[in-house]
């Protein structure tokens, strides 16, 4: 009798995706919630997973990739454990959001070209609007909204997260 083959390293992560697809009954109409669940699991949408989802849902890969790249919520490159989003909409920009971005990037050693720290702890992004204009300038750390932010306050937020991570 031939022993069953061991699952490959690549096949193992697809088990998570299969479970997500099963929960959504492999329905193409559930593509956005499927991608949300996949991203929650991986923290981004790997290309090979998007291709697999397309095959399993029997839809063109272009449709899946199109949805994944259309919505700002989805990421097709890995993000850090903590995502820091800085609003640069009109209200925030007028109230000096760019010095806040510069302070955060400086503290984390990031640049416009490098948005994620090498240790994968932090990703810094700018967004067109967070819908909290009355609190401008606004920074969202993970899902927590911080209004009337200053460069010093933003660095303080980052340092608190760094301290939390160091203690775990």
Residue match in segment 101-108 (condition: touching a strand residue (DSSP E or B) at 6+ places or on another chain (Cβ under 9 Å) and free of Cβ contacts under 8 Å to residues at least 24 places away in the same chain): yes
Residue count, segment 68-82 (criterion: surrounded by 12 or more Cβ atoms within 10 Å (Cβ to Cβ) and in contact with a strand residue (DSSP E or B) (Cβ under 8 Å, 6 or more places away or on another chain)): 5
Condition check for residue 49: surrounded by 12 or more Cβ atoms within 10 Å (Cβ to Cβ) and assigned to a helix (DSSP H, G or I): yes
Residue match in segment 59-67 (condition: outside the structural domain of residue 122 (by TED's automatic domain parsing), exposed (fewer than 12 other Cβ atoms within 10 Å of the Cβ), at pLDDT 95 or above and in contact with a helix residue (DSSP H, G or I) (Cβ under 7 Å, 6 or more places away or on another chain)): yes
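Can you spot a residue in segment 36-45 that is at pLDDT below 95 and assigned to a loop (DSSP other than H, G, I, E, B)? Explain how you work it out, then say what you get.
Filtering segment 36-45 for residues at pLDDT below 95 gives 39-44.
Then drop every residue that is not assigned to a loop (DSSP other than H, G, I, E, B), which leaves 43-44.
Looking for residues that are at pLDDT below 95 and assigned to a loop (DSSP other than H, G, I, E, B), one finds at least one in segment 36-45, hence yes.
The values are calculated or read from the model by the stated rules, or taken from the named source; none is laboratory data. Quick caveat, the model's predicted, so the values are computed rather than measured. Here Cβ is always computed from backbone atoms with ideal geometry, including for glycine, and neighbour counts include all displayed protein chains.
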